[in-house]
Amino acid sequence: MLRAIATAIESYAIDNNRYPPPGDLEADIVPIYIHCLAANLLTGAPITWSAFPSPGDYDYRAAPDGSSYQLILWDDDGGVL
């Protein structure tokens, strides 16, 4: 699941010469670069963006100039998987 999102981010970067802006990725990568975001592995609900620990959800951070990014998956204890 994380690999599919990362591949969509990389594809976006190829087309736009920068990574998507930080925050919720759905508007930038669905459905052009990925069919849909996967289900949350811990809850079964749709995975969502969360800047703060939220079990099974993700955080996406990008450099202001779009030159790099960090994709995080939160575990059930508020740590990073």
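Points to keep in mind about this one:
- Residue check, residue 14 in a helix (DSSP H, G or I), at pLDDT 95 or above and farther than 15 Å from residue 73 by Cβ: yes
- Scanning the range 64-81 for residues that are part of a loop (DSSP other than H, G, I, E, B), farther than 20 Å from residue 10 by Cα and open to solvent by less than 70 Å² (accessible area, probe 1.4 Å) yields a total of 3.
- Across the range 50-66, not a single residue is classified as at pLDDT 95 or above, closer than 20 Å to residue 7 by Cβ and polar (S, T, N, Q).
- Looking only at residues of the range 4-63 that are in contact with a Ser or Thr (Cβ under 9 Å, 6 or more places away or on another chain), among the polar types (S, T, N, Q) and free of Cβ contacts under 8 Å to residues at least 24 places away in the same chain, we find that the one that is most open to solvent (accessible area, probe 1.4 Å) is 54.
The values are calculated or read from the model by the stated rules, or taken from the named source; none is laboratory data. Predicted model, so just to flag it, every value in this text is computed and none were measured. Backbone-built Cβ (ideal geometry, glycine too); neighbour counts: all protein chains shown. For accessibility, only protein heavy atoms count, side chains too; no ligands or nucleic acids. Shrake-Rupley method; radii C 1.70, N 1.55, O 1.52, S 1.80 Å.
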